[in-house]
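In what follows, a single structure is set out as structure tokens and then discussed.
The values are calculated or read from the model by the stated rules, or taken from the named source; none is laboratory data. All of these numbers come straight from a predicted model, not from anything done at the bench. When we count neighbours, we look across all protein chains shown, and the Cβ atoms used for this are built from the backbone with ideal geometry, even at glycine. When the accessible area is computed, the model is the full protein with side chains, heavy atoms only, and any ligands, DNA or RNA have been set aside. Shrake-Rupley method; radii C 1.70, N 1.55, O 1.52, S 1.80 Å.
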Amino acid sequence: DGKRFIGDHAVKLVLEAEQLQVWEGNQQLLLPGVRAAERLEIEGVHYRYYLQSTGPVPDASAILLRNAITRQPVIAKAMASGTALAPSAGAHPWNLREPRLRLQDLAGDVRLSKDLVVARNTTLRIRPGTNLVLDPDVSIHCKGRIEARGSAELPITISSSDPRRPWGSLALWGEGADRSLFQHVRFSGGGGALLEGVEYTGMVCVHWARGVRFEDCEFSGNQRCDDALHADEADVTVSRCWFHDTNADALDFDISTGRIEHSKVERAGNDGFDLMTCSPEIVGNEIMDNRDKGISVGEDSSPFIFANTIHGCERGIEVKDRSSPLILNNTVARNRVGVMARLKNWRYERGGWPRLIHTVLSGNDADLVLDKTARWTALGSELGTSGDLVEAPSQAESGWIYALHGIALDQPLPGAPADWREIPRAAIKYEERFEDGWAAPASTWRPTAGATSVRIAADCLVVRMNARNGEVSRKVDLDLRDATRTNWLVLETAGTDIEGSWLRVGRKRESAGAEVLRVPLELGDKPERFAFTVVRLPAGEYGALTLEIDPLVRTEKQPHSRVVSEGQIRLQRWFIVSALTADLEQSK
């Protein structure tokens, strides 16, 4: 509804369309109101326009109303002077308009005695050399963007006015805080806060914001709160930062992504990095002397952990509750426990599954500890100077792992490398996993001869054998004819009571070259241990994958002599990694 005042007369215009436009010199768009019931519903609202005229009073035909969708005119109807307008329960669209872009500046010595709220569409710019002091429980609640650009010569400091009582939290919230940047900022003395009903458990918090960066920053001496830096459903990059002497966790990622690189963590009151249901990249960090874990990986997390050194912690890396980190080229030494995998929360049913690739576990009181629900995969790692486990470096090819993560090493030896290069990342072209459910794998994977059953259990394809040799196979349609690419076929498998096993890859008949590739299938030597089988596939088309299985057969003499075998193969996944050969050659 629109209302027009002309002198002492009032005219009501009934606008019958949901989206209307008004021309009064400039075009305007009128939107309906919104009412929240069981769902959001469109509702009519009132618009008021006041017209002034120095000449004759214009009549209603001076206003043109048109439906924005149908483009048809809307007829204005007169309303008697003095008629009351019915109230509307809907939210008016003008109340929901974006605020204007604003810029706030902080510079010099600044003391805050009450919360500083940075509105959406506002950029808070903190100048180099700013010394920002907050009174106890005072916070910076930022729904806009922060640009805190200090320098090595003129760092920005954020601290408490009372060393015995913490300030609150520097809390970034929502997409308005996207792309916030902190460079050479020293954070100390924060204690967390409750702001607008949201609990911020860190001295610095990032909630629901993307592309936030911390570069060359220092986090220390937080009080009362759990974390020095906390990310919740956010995307955060931490580069060349220093975390030390924190109250509990140095950095906590919950349901978040990002990258933590070339940083140092020491003397954290709990964990160095604590991950829950997230998959950041943790690259090139030094983590030492924490009271609990160097890196805690929990609640179905799958981070990429590369080139880190972890020592002096209660546990170097702990992997819990269906988490599956790729632990590549790390050195985990002189901890109470090097790597632990276990089930902590029963709701996840199974423990963690670390993949240890070219990693060194040595000099720990216990190098590798697994509970009965955990599994692990190793390739080219050095484990076991403590005497509980020994593994020589594997000769299996590992180039696919580096290509998949865009990394090139001059010498891919076990342990944290001194240097590496970035290259274009390879891609996974085909993949099959076996998640628990109601799937019937026998319709895809067909057993023959001594392979008596195929089923899915514990996220694996499980093939059971009797006392005879057998195989299980499936049809595939792999088009790898591009000769400019290098392709690896990778399988992750384990076995029990197996005398021998082989992988056979069948070409399609129209493909040139050998009909079949056949290589030994790598199996872990214990039920909980898996291994990678890697095959470089020449350019061509492939139509079948087959596992040939020779079970271990033994004779039981009591109570009656009989031939038995409990042979079993467990396939966790298979996939194709594809990279441009030119990218691989340039990395050498």
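Go through the range 440-467 residue by residue and tally those that are open to solvent by 70 Å² or more (accessible area, probe 1.4 Å), under 26 Å from Thr373 (Cβ atoms) and free of Cβ contacts under 8 Å to residues at least 60 places away in the same chain. Before the answer, list the steps.
First, the residues of the range 440-467 that are open to solvent by 70 Å² or more (accessible area, probe 1.4 Å): 443, 446, 452, 455, 464.
Right, trim to under 26 Å from Thr373 (Cβ atoms) and you get 455, 464.
Right, trim to free of Cβ contacts under 8 Å to residues at least 60 places away in the same chain and you get 455.
Qualifying residue count for the region: 1.
Picking from residues in the range 406-453 that are under 22 Å from Thr496 (Cβ atoms) and among the hydrophobic types (A, V, I, L, M, F, W, C), the one that is nearest to the chain's Cα centre (by Cα) is Phe434. Among the residues here, Asn290 does not qualify as open to solvent by less than 10 Å² (accessible area, probe 1.4 Å) and either within 19 Å of the chain's Cα centre (by Cα) or among the β-branched types (Val, Ile, Thr) (or both). Residues in the range 297-307 that are open to solvent by less than 10 Å² (accessible area, probe 1.4 Å) and in contact with a Lys or Arg (Cβ under 9 Å, 6 or more places away or on another chain): Val297, Gly298, Ser301. State yes or no: is Gly82 free of Cβ contacts under 8 Å to residues at least 40 places away in the same chain, of a type outside the set (Asp, Glu) and surrounded by fewer than 14 Cβ atoms within 10 Å (Cβ to Cβ)? Here the answer is no, as Gly82 does not meet what is asked.
Within the range 159-171, the presence of a residue that is loosely packed, with under 15 Cβ neighbours inside 10 Å and among the hydrophobic types (A, V, I, L, M, F, W, C) is excluded.
Open to solvent by less than 10 Å² (accessible area, probe 1.4 Å) and free of Cβ contacts under 8 Å to residues at least 60 places away in the same chain: does that describe Leu132? So Leu132 passes the test. Highlighted here are the strands (runs of 3 or more DSSP E) found entirely within the range 104-148 that include at least 1 residues which are within 28 Å of the chain's Cα centre (by Cα): 116-118, 122-126, 140-142.
Contact annotation: residue pairs with Cβ atoms under 9 Å, 6 or more positions apart or on different chains, pairing a residue in the range 504-529 that is more than 27 Å from Leu552 (Cβ to Cβ) with a partner that is in a strand (DSSP E or B) and modelled with pLDDT under 85, are Arg507/Val516. The strands (runs of 3 or more DSSP E) found wholly in the range 422-538 and carrying at least 2 residues that are under 14 Å from Arg570 (Cα atoms) occupy 427-433, 446-457, 460-480, 485-496, 498-507, 529-537. The residues on offer are Ser587, Ser561, and the sole one that is surrounded by 13 or more Cβ atoms within 10 Å (Cβ to Cβ), at pLDDT below 95 and over 23 Å from Thr493 (Cβ atoms) is Ser587.
Does the range 487-499 include one or more residues that are open to solvent by less than 70 Å² (accessible area, probe 1.4 Å) and of a type in the set (Phe, Trp, Tyr)? Yes. If you go through the range 308-350 and keep only what is open to solvent by less than 10 Å² (accessible area, probe 1.4 Å), under 19 Å from the mean Cα position of the chain (by Cα) and aliphatic (A, V, I, L, M), you end up with Ile317, Val319, Ile327, Leu328. The single condition among (1) touching a residue at least 40 places away in the same chain (Cβ under 8 Å); (2) part of a strand (DSSP E or B); (3) of a type in the set (Gly, Ala, Ser); (4) open to solvent by 10 Å² or more (accessible area, probe 1.4 Å) that Ala228 does not satisfy is (4).
Scan the range 345-356 and give yes if some residue there is over 17 Å from Glu528 (Cβ atoms) and part of a strand (DSSP E or B), otherwise no. No: zero hits.
Pairs linking a residue in the range 569-585 that is among the aromatic types (Phe, Trp, Tyr) to a residue that is surrounded by 19 or more Cβ atoms within 10 Å (Cβ to Cβ) and not in a helix (DSSP H, G or I), with Cβ atoms under 6 Å and 6 or more positions apart or on different chains, are Trp574/Leu491; Phe575/Val490. Sort out which residues of the range 512-553 are β-branched (Val, Ile, Thr) and over 35 Å from the mean Cα position of the chain (by Cα), and write them in order of number. Of everything in the range 512-553, those that are β-branched (Val, Ile, Thr) and over 35 Å from the mean Cα position of the chain (by Cα) turn out to be Val516, Val519, Ile549, Val553.
Please work out if Val265 is part of a strand (DSSP E or B) and under 24 Å from Glu382 (Cα atoms). It is false that Val265 is part of a strand (DSSP E or B) and under 24 Å from Glu382 (Cα atoms).
Considering the range 351-365, and only residues there that are over 24 Å from the mean Cα position of the chain (by Cα) and either on the phi < 0 side of the Ramachandran plot or among the polar types (S, T, N, Q) (or both), the residue that is surrounded by the most Cβ atoms within 10 Å (Cβ to Cβ) turns out to be Leu361. Right, Arg186: over 17 Å from Gly108 (Cα atoms) and surrounded by fewer than 21 Cβ atoms within 10 Å (Cβ to Cβ) or not? Judged against the criteria, Arg186 is not a match.
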